[in-house]
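The values are calculated or read from the model by the stated rules, or taken from the named source; none is laboratory data. Note that the coordinates shown come from a computational prediction; the quantities given were computed from them, not determined experimentally. All Cβ positions, even for glycine, are placed from backbone atoms using ideal geometry, and neighbour counts span all protein chains on display.
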Amino acid sequence: MAALGWLTPRRRSATARSVLAGEAAAEAARKSSLQLEQEREESTTAEPEAAEPEFPVVGDVRAAAFFDLDNTVMQGAAIFHFGRGLYKRKFFQRRELARFAWAQVWFRLAGVEDPAHMQEARDSALSIVKGHRVSELMSIGEEIYDEYMADRIWPGTRGLAQAHLDAGQKVWLVTAAPVETATIIARRLGLTGALGTVAESVDGVYTGRLVGELLHGPAKAEAVRALAAAEGLDLNRCAAYSDSHNDIPMLSLVGHPYAINPDTKLRKHAKDRDWRLRDYRTGRKAAKVGIPAAAGLGALAGGTAAAVALHRRRH
């Protein structure tokens, strides 16, 4: 735990509560029928391995699961996909789209969340929605989910969330994306709800300002802690899932932390602490930098070229 000296005493205490979690129950189903048959033919004299504890524990209502959204549950950044949908509906011009494009290209190439890029994307989003009604954006958000997000959900992560739901536990998204967008995604996936960045509105109309700050990094951990207290949860029995080292405070808060499609820093941190890892990306390059499977590489190349062209035009 010496490596965690940068944390406050309270957060070091939260990290100390992190414990080794069991393998996801569905992991064995990934083996091919041939592998299973080979295992059946192995010597019956071998010592059987001890079974891992059941996880998630069925009926444990004081446990819940918290999932980061971008690149954990869904490929890419939700705010970018939302921006694409608004652009299609002529909410803003090509110049503003470049800002969304650059944030997404950086996110995909680097495989990590960059606070400066995130801030720029969200500042742009706030300026775009200013003066629009919340109900209008919610209605459009439903359409945008079907157009740009539904086919970008990681099936593996979705399966992990479903395992918690099947065990009778609540499952929450925890994201820096707007809470309205996060709520739509949570509802479409059959999850309990979402914690997200709250944009200020007066009489149902967006003002272009945030309530507090972006729900990012340590703010996510504070949100999870507050929700756990309100829901009567035991954080040591809860699970959290993320791809980003920025979410180490949230992951350290629970007893069952999982690194999903982890960036380099989170992968190292997770291995040092024997946290569970899952990587649903395919291909060596994808595993390294967080680019989606081969089917998405053509779109990435086109998006990168467009972003470069727009950037040069601006400068």
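Give all pairs with beta carbons closer than 8 Å in which a residue from segment 259-280 that is among the hydroxyl-bearing types (Ser, Thr, Tyr) meets a residue that is assigned to a loop (DSSP other than H, G, I, E, B); count only pairs at least 6 apart in sequence or on separate chains.
These pairs meet every condition: THR264/GLY111; THR264/VAL112; TYR280/TRP154; TYR280/ASN261.
Between ASP263, ASP203, ASP272, which is at pLDDT below 95 and surrounded by fewer than 19 Cβ atoms within 10 Å (Cβ to Cβ)?
Only one candidate passes the filter, namely ASP203.
If GLU180 meets every condition in (1) free of Cβ contacts under 8 Å to residues at least 24 places away in the same chain; (2) among the acidic types (Asp, Glu); (3) within 14 Å of PHE82 (Cβ to Cβ) apart from one, which number is that one?
(1)
Could you tell me whether segment 131-149 includes any residue that is in contact with a helix residue (DSSP H, G or I) (Cβ under 6 Å, 6 or more places away or on another chain), at pLDDT below 80, surrounded by fewer than 24 Cβ atoms within 10 Å (Cβ to Cβ) and of a type in the set (A, V, I, L, M)?
No: zero hits.
Residue-wise test of (1) modelled with pLDDT of 90 or more; (2) under 15 Å from ASP70 (Cα atoms).
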residue	(1), (2)
LEU86	no, no
PHE91	no, no
PHE100	no, yes
LEU160	yes, no
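Is it the case that segment 238-257 has a residue that's over 16 Å from the mean Cα position of the chain (by Cα) and at positive phi?
Scanning segment 238-257 turns up no residue that is over 16 Å from the mean Cα position of the chain (by Cα) and at positive phi.
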